[in-house]
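**Student:** Before we start, here is the structure in question, set down as structure tokens.
Please treat every number below as a calculation from the coordinates, not as lab data. Note that the structure is a prediction, hence the values are computed from the model and not measured. All Cβ positions, glycine included, derive from the backbone under ideal geometry; neighbour counts span all protein chains shown.
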Amino acid sequence: MRLDRRIITWAAAAAFAGSLPQAALAATEIEWWHAMGGKLGEKVNEIAEGFNASQSDYVLKPVYKGNYTETMTAAIAAFRAEQQPAIVQVFEVGTASMMSAKGAIKPVYQLMEEAGEPFDPADYLSSVTGYYTDAEGNMLSMPFNSSTPVLYYNKTAFQKAGLDPDSPPATWPEVEAAAKKLQAAGYPCGFTTGWQSWVQLENFSAWHNVPFATKANGFEGVDTELAFNSPLHVKHISTMASWQKDKVFDYGGRRSDSAPKFYNQECGMYMNSSAAYAGIKANAKDFEFGVGQLPYWPEAGKPQNSIIGGATLWVLNGHSDEEYKGVARFFSYLSSPEVQADWHQFTGYLPITHAAAKLTKEQGFYAKNPGTDVAIMQMTAHEPTANSKGLRLGNFVQIRDVINEELEAIWNGDKTAQEGLDEAVERGNALLRKFEKTAN
Amino acid sequence: MQHKRVIFQGRVLPYFLVLPQLIVTLVFFIWPASQALYQSVLLEDAFGLSTEFVWFENFEDLFADPSYLNSFKTTVVFSLGVTTLSMIAALVLAAMADRVVRGATAYKTLLIWPYAVAPAVAGVLWWFIFNPTIGVFAYALRQLGYDWNHFLSGSDAMILVIIAASWKQVSYNFLFFLAGMQAIPKSLIEAAAIDGAGPVKRFWTIIFPLLSPTTFFLLVVNVVYAFFETFGIVHATTSGGPAQATNILVFKVYNDGFIGLDLGGSAAQSVILMLIVIALTVVQFRYIERKVQY
Amino acid sequence: MIENRPIVTLVTHIVLLLGVAAVAFPIWLAFVASTYPVDGLVSGVLPLWPGDQFWINYGSALTGGVEAAGSPPVLLMMMNSLVMALAIAVGKIAISIISAYAIVYFSFPFRATAFWIIFMTLMLPVEVRILPTYEVVANLGMLDSYAGLAIPLIASATATFLFRQFFLTIPDELLEAARVDGAGALRFFFDVVLPLSRTNVAALFVILFIYGWNQYLWPLLVTTDESYYTIVMGIQRMVAVPDSEPLWHLIMATAILAMIPPVFVVIAMQRLFVKGLVETEK
């Protein structure tokens, strides 16, 4: 039993140590619920500690709440029970749900104004914040971790297949040609993709400057309808479906489940988030890899810009002004070039301010890590249009599920691209109508 | 309902005895569950800021949705698969373990400890084993000439979730079957052996019939398990895909409600699920009470 | 057994070994994965034989590697899991055995009603009604407490159902004899029913302990204070790393560590457990 007692004493000590920062009684505590596990979670704690050390009025307490959906659901459940945190991290597909919950959220621009915190929206990268602004261009939430899909390719394999390892394919026909050469050189598959809806439909639309949904992708009203069954979309998806048959393209599962296909050198090309860079670097053991921009169909003209994915920080209603002041102070801290540049370089997420991008460049990070700037170039190549600002769709989590299901039916040959996309649009529209009824 | 012939007379005591459980049940089950029921006739945004009473619209939507009807079929296939596989495997193993003299405890121990593995952890393990690219199982099948890809093939995905869900249940079933077999008087089996019945014949004519209460109990437990407690496995391995091939009812409830935040639609599904189970349990309960006397 | 034919015995052992291999295989794999360095695991087919990083990985899992991966200390989380699992197992057995006793051994108005109210809980697992349950717990001020972690999960009828089944098998003669001795309901419960239920209690304890230990979604929702985090939550936290690769070697090592207490309970109580089941069947 002595052991038991030791464990308990020890645990009590640990619990006590955990609550130490609160010892500074005068400080206002701010809860921040986030979805960053692993090393990212460690970095989040580091940011919070940095903020806490930088001032003594507020104590920021980061709380891990599971993956993105779990975190969002936990925050909503907490809101219904009046236990909500001041800050919650919500992924991009939850944007419309958060926005339409007007009584539940405190827009960031308003928060900064009320707290008298210096705040200039022009400091931020418009291609990042654009996803999270209202029709008047006001920032509603604070971007935190944003990324955009890019093309990773196996340089070593390119060399073996007689391709130029320094010029990744820029167009889809070039992707096909490269894939066939890779296959001829003994690689079983040409390319695979993570997050199929995000990369092959959502970003595909922005990149080719065609609407994913009407009403400026939902920015101009909740009566939006999905539009990703246009001829260009159908052409792209049906071509991919035909490629699936001879493994020019090989589907590797939802989310990032396809990553091992690239690590394993089964597929020589891989489209996924720019934030996957660190993971690829760690796992690409026997080969060199490079980063290129997303391919495009030449007949659709030059590419526009890609859109982001990731998550932002939303401020929830129901807290004291004192807490909101602390939140505003924290957002300023988070936006400072040093914090942003460090976060950007450590995680591979995009910097959210021009100053942070500039600082990173000055520090020589892009030169040392070739390819890490592709995402920023791709995002900022052109001023975003109505088709490439972002997406604002209600029930988007479920719509993505629908898209996943229909795409899978297309890949395995149960449906043609036209049938599958029509069906996805129809089912998705039903979800949009349902959302329209509960919104405002 | 079955009852003792001889009972105590008590005015107050029985209430005291059932009270703790009743309170816990009322507060933490009936109350939230009835809120879930009420939710099924509402159309509400996730935050509960706007609420509209819509009568049975959520139910109408459900039954107009072919994917929901498809989910029923998937659930039946899945439950049959899990129940059959986990019970047969457990029965065979229990019959063997009942026979061995040497090493019986070791076998028993090795067969039951997977029961202790958390589903959340098991999901990760299955992801590793079946991953078409790096999974050992997929690799072995590839060597045999079968291209395993549960991301693409609906039947592969169904096999995967059935195996994963059954694995968790085999240990449990094994324990019950083994316990049942060890409770059979050895004299009965010896008598049959003297009459010249071989081990296989003895199993079918004596052991298996005597196991029927256990088998029936396990049937109920396994069906309930397959219906209700498997969304964690589906969530971790296939997320209902590809193309809804493994979208079982309980996963859909969880996914639409907890992930998709469609509270009304999800609540309507829970109501239907509850009705199914109430029907199932009433039938089974009557059957247990009448036919299988413990 | 009765006859001793070597060929039958051999087949028996082969089938059992195959069964053991199939059942234990995923866990073996987890163990194997926990003995490799981090980068080998997702870039090639997973090997079947352990690597050489056992001490390094487990050392780092126990001494802060997990914290570096974003979790509270492993031992603290295991403590919390232990408290939660014990509270669920003990609490549920306690309230179930007395309510089953009342339902079987007493006749009182609303007996059937009480039974059906309790029995209904078999029909909806926690996860499906998790959001309203959370609201209830929050309204009662039970967030971030062991009570909030455990009590809502006690609301289930499985144990009551099993005790009821068992009590029905206790011969009526025992009660008649006790009556002759002048024993009341409580004395009969403590002197006869409870000792007879010993093995059933053990069996249920094992089942419930594991159920409690393995909970994931519920603790995730009701805790925001790291000092209440459980180990399964901790493991998931290491897995949920958006846009990057999880530290699989540490995750697997922690998963193996997290398995030790429930496996220990299963093995330690195995004899009682099986015996409990046997007696129910008689």
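**Student:** For A:M36, which sequence-distant residues (separation of 5 or more, or a different chain) have an amide H within less than 5 Å of its own amide H, given hydrogens modelled in the peptide plane?
**Tutor:** Residues meeting the amide H criterion: A:K65.
**Student:** Between B:P213, B:P185, B:P20, find the one with the highest GNM mean-square fluctuation for chain B; connect C-alpha pairs within less than 10 Å.
**Tutor:** B:P20
**Student:** Another question, then. Given the C-alpha centroids of the stretch C:80-123 and the stretch B:73-140, what is the distance between them in whole angstrom?
**Tutor:** About 31 Å separates the Cα centre of the stretch C:80-123 from the one of the stretch B:73-140.
**Student:** Let me ask something additional. Do me a favour and compute the ellipsoid semi-axes for the protein assembly as shown from its Cα gyration tensor, root of five times each eigenvalue, largest one first, whole Å.
**Tutor:** Over the Cα atoms of the protein assembly as shown, the semi-axes work out to 50, 34, 27 Å.
**Student:** Under a 10 Å cutoff between Cα atoms, tell me which one of A:S273, A:S147, A:S332 has the largest fluctuation in the Gaussian network model of chain A.
**Tutor:** A:S332
**Student:** In addition: I'd like to compare A:279-290, A:246-257: which one has the highest average count of other Cβ atoms within 10 Å, and what's the full order after that?
**Tutor:** Taking the mean over residues of other Cβ atoms within 10 Å, the ranking is A:246-257, A:279-290.
**Student:** Per residue of chain A, what 222 nm ellipticity follows from adding -39500 (n - 2.57) for every DSSP H run with n ≥ 4, rounded to the nearest 500?
**Tutor:** -13500 deg cm²/dmol
**Student:** OK, next. Rank by packing, highest mean first: peptides C:172-178, A:191-197, with packing defined as the count of other Cβ atoms within 10 Å averaged across residues.
**Tutor:** A:191-197, C:172-178
**Student:** Additional query: Counting only other chains, what is the mean number of Cβ atoms within 10 angstrom of the Cβ of each residue in peptide A:252-265?
**Tutor:** Average per residue, whole number: 6.
**Student:** Could you put B:M274, C:M252 in order, starting from the residue whose Cβ has the fewest other Cβ atoms within 10 Å?
**Tutor:** Ordered by Cβ neighbours within 10 Å, fewest first: B:M274, C:M252.
**Student:** Hey, another quick one. Can you bin the stretch A:212-328 into rounded, prolate or oblate? Criterion: square roots of the alpha carbon gyration tensor eigenvalues sorted a ≥ b ≥ c, rounded for a/c under 1.5, prolate for a/b above b/c, oblate for the rest.
**Tutor:** Here the stretch A:212-328 falls in the oblate category.
**Student:** Averaged over every viewing direction, what's the projected area of the C-alpha convex hull for the stretch B:28-162? Give it in nm², one decimal, please.
**Tutor:** For the stretch B:28-162, averaging the hull's shadow over all directions gives 13.8 nm².
**Student:** For B:K201, which lysines qualify as cross-link partners when the Cα separation must be under 17 Å and same-chain residues fewer than eight apart are set aside?
**Tutor:** The reachable lysines, counting only those whose Cα sits under 17 Å from B:K201, are B:K186.
**Student:** OK, next. Give me a single rounded figure for C:223-236: the average over its residues of other chain Cβ atoms within 10 Å of their Cβ.
**Tutor:** 5
**Student:** Another question, then. By counting other Cβ atoms within 10 Å of each Cβ, how are A:W297, A:W32, A:W198 ranked from fewest to most?
**Tutor:** A:W297, A:W32, A:W198
**Student:** Just how far, in whole angstrom, is the stretch A:287-366 from the stretch B:149-201 if you go by their alpha carbon centroids?
**Tutor:** Cα centres, the stretch B:149-201 to the stretch A:287-366: 55 Å.
**Student:** Here is a further query. Largest first and in whole Å, what are the equivalent-ellipsoid semi-axes of the stretch A:132-215 based on the Cα gyration tensor, each being the root of 5 times an eigenvalue?
**Tutor:** 35, 14, 11
**Student:** If the elastic network links every pair of Cα atoms under 10 Å, which of A:G66, A:G116, A:G130 fluctuates the most in the Gaussian network model of chain A?
**Tutor:** In the Gaussian network model the winner is A:G116.
**Student:** Now a separate question. For the stretch B:67-293, what is the convex hull (Cα atoms) projected area averaged across all directions, in square nanometres?
**Tutor:** 15.1 nm²
**Student:** Over all directions, the average projected area of the alpha-carbon convex hull for the stretch A:304-440 comes to how many nm²?
**Tutor:** Orientation-averaged projected area of the Cα hull: 12.2 nm².
**Student:** Suppose a student asked you for the relative contact order of the stretch B:67-293, using Cα pairs under 8 Å spaced at least 6 residues apart; what percent would you report?
**Tutor:** After rounding, I find 29 percent.
**Student:** Explain nothing, just the number: relative contact order of chain A, from Cα pairs under 8 Å at least 6 residues apart, as a whole percent.
**Tutor:** 24 percent
**Student:** Quick one: if you take sqrt(5λ) for each eigenvalue of the C-alpha gyration tensor of the stretch C:148-222, what semi-axes come out, biggest first, whole angstrom?
**Tutor:** The answer is 34, 12, 10 Å, longest axis first.
**Student:** Project the alpha carbons of chain C onto their principal axes and report the range along each, largest first, in whole Å.
**Tutor:** 72, 67, 29
**Student:** Rule-of-thumb check for the stretch B:1-104: C-alpha Rg over 2.2 N^0.38 Å?
**Tutor:** 1.88
**Student:** Looking only at other chains, what is the average number of their beta-carbon atoms within 10 angstrom of each beta-carbon in C:94-103?
**Tutor:** Mean number of neighbouring Cβ atoms from other chains: 6.
**Student:** How big is D, in µm² s⁻¹, for chain A by Stokes-Einstein at 4 °C and 1.567 mPa s if Rh is the Kirkwood radius over C-alpha pairs?
**Tutor:** Stokes-Einstein gives a translational diffusion coefficient of 56 µm²/s.
**Student:** Which whole-number percent is the relative contact order of chain C (Cα, under 8 Å, 6+ apart)?
**Tutor:** 31 percent
**Student:** Test of the criteria: in the stretch B:80-153, which trypsin sites (Lys or Arg not before Pro) are in a DSSP loop and have at most 16 other Cβ atoms within 10 angstrom of their Cβ?
**Tutor:** B:R102
**Student:** Pop out the ³J(HN,Hα) list for the stretch A:172-182 in order, Karplus 6.51 cos²θ - 1.76 cosθ + 1.60 with θ = phi - 60°, rounded to Hz; leave Gly and Pro as x.
**Tutor:** Each residue's phi maps through the Karplus curve to give 5, x, 5, 4, 4, 4, 5, 4, 5, 5, 4 Hz.
**Student:** Taking only DSSP H segments of four or more residues, each worth -39500 (n - 2.57), what value at 222 nm results for chain B once the sum is divided by all its residues, to the nearest 500 deg cm²/dmol?
**Tutor:** Helix contribution divided over all residues of chain B: -21000 deg cm²/dmol.
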